[in-house]
Amino acid sequence: CDHMHHCKDDYALMKNLGIKAYRFSLNWARILPEGTGRVNEKAIAMYRDMILTMKENGITPYITLFHWEFPQALQEKGGWLNREIADVFARYARIIAQRFKGRVRNFMTINEPQCIAQLGYGTGNHAPGWKLPEEKVALVYHNLCLAHSAAQRAIKEVCGKETLVGVVPCGSLAYPEKDTPEGREAAYHASFDLKVGWSFNVFLDSLILHHYDDSASDAFKRFAATIDPGDWDMMETPDYLGLN
């Protein structure tokens, strides 16, 4: 708790435990209070000090750009429903890449896009607390994919192709009750069919396959029919996946 004030002690504990890598999240709203434009240099300095202290303790930093702290000014423009958010997110990613170039080699763009889309815009359990039709939730997913892709390109343009950019989806993994071909097939569908709800594939099919699986719901298929084919060409496959 209160990591920003106790991080040096935390890193000393991590070193004592033999921890070699630390994934942590930046706060977009802290760094860019209006979501774009003015940079809060005090926040940049805090994160820079954290990164330097990690490295002094032999810990490799893994930055997550977005872990749900969304600038209010951007939410008032529609949040993740607004297609323009992809370019805005890429500008934020570029700022981070410029500030931490040479200090950080591993980035993750978005934490748990499923929670953002489904819990934030579908069920209303998370911020912004909206309960929208499934086709609107599909639009949020699509814009998240475009945002990841634009951010990945921006980071690599600044830091070089050797920099690794990943994404961190979540999902529910099922295991076969009996290890038979039928059991494995059932577990596969329970884990990855798009109709399950907590499927990794809702997000990853767009980035990796550039289309939705046949198991998609009717609402997702209706939305897919409206997607400009050029959008699929803009999707960037992550260098690696972090699975929550």
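The figure for residue 130 is an accessible area of roughly 90 square angstrom, using a 1.4 Å probe on the protein chains alone. Over segment 1-80, Cα pairs under 8 Å with separation of 6+ residues give a relative contact order of 41 percent. Note on the chain: Kirkwood hydrodynamic radius from all Cα pairs is 19.1 Å, rounded to one decimal.
If DNA, RNA and ligands are ignored and the probe is 1.4 Å, what is the ranking of 54, 46 by accessible area, most exposed first? Spell out each step's value before the answer.
On the way: 54 0, 46 40 Å².
Sorted by accessible area, descending: 46, 54.
Once C-alpha pairs closer than 8 Å and six or more residues apart are averaged by separation and normalised to the residue number of the chain, the relative contact order reads 17 percent. Averaging the sequence gap over all C-alpha pairs within less than 8 Å and six or more residues apart, then dividing by the number of residues, gives segment 140-214 a relative contact order of 28 percent.
To the nearest 0.05, what FRET efficiency results for residue 12 and residue 115 with a Förster distance of 30 Å applied to their C-beta separation? Efficiency for this residue pair is about 0.40.
Within the chain, what whole-number % of the accessible surface is contributed by carbon and sulfur, with the 1.4 Å probe and all protein chains included in the calculation? C and S fraction of accessible area: 53 percent. For the chain, the solvent-accessible area with a 1.4 angstrom probe is 49 square angstrom per residue. Around residue 176, under 10 Å between beta carbons, what's the net of Lys plus Arg minus Asp minus Glu among the other residues? My count for the surroundings of residue 176 gives -2.
Only protein heavy atoms count here; on that basis, with a 1.4 Å probe, residue 211 has an accessible area of about 90 Å². The rule of thumb for compact globular proteins, 2.2 N^0.38 Å, goes into the C-alpha radius of gyration of segment 103-244 1.10 times. Of the residues 78, 122, 36, the one whose Cα sits farthest towards the positive end of the charge dipole of segment 36-129 is 36 (charges of +1 on Lys and Arg Cβ, -1 on Asp and Glu Cβ, taken about the Cα centre). A 1.4 Å probe over all protein chains sorts 199, 25 by accessible area into 25, 199, starting with the largest. Residue 132 exposes around 50 Å² of accessible area when a 1.4 Å probe is run over every protein chain in place.
Here the Gaussian network model covers the chain, with springs between Cα atoms less than 10 Å apart; of 204, 173, 74, 173 fluctuates the most.
Work out the length of the dipole vector of the chain about its Cα centre, built from +1 on the beta-carbon of each Lys and Arg and -1 on the beta-carbon of each Asp and Glu, and round it to the nearest 20 debye. Mind dumping the intermediate values first?
Details: 27 positive and 30 negative charges, 222 e Å.
Rounded to the nearest 20 debye, it is 1060 debye.
Each of 233, 218 has its accessible area taken with a 1.4 Å probe; listed largest first, they run 233, 218.
Between their Cα atoms, which of 131/221; 15/161; 77/136 are more than 23 Å away from each other? The partial results should precede the final answer.
Details: 131/221 20 Å; 15/161 30 Å; 77/136 15 Å.
Flagged as over cut-off: 15/161.
This model, with +1 at the C-beta of Lys and Arg and -1 at the C-beta of Asp and Glu, gives segment 199-244 a dipole about its Cα centre of some 180 debye.
The values are calculated or read from the model by the stated rules, or taken from the named source; none is laboratory data. All of these numbers come straight from a predicted model, not from anything done at the bench. For neighbour counting, all protein chains shown are included, and Cβ atoms are generated from backbone atoms with ideal geometry for every residue, glycine included. Side chains included, ligands, DNA and RNA excluded: accessible areas come from the protein's heavy atoms. Shrake-Rupley method; radii C 1.70, N 1.55, O 1.52, S 1.80 Å.
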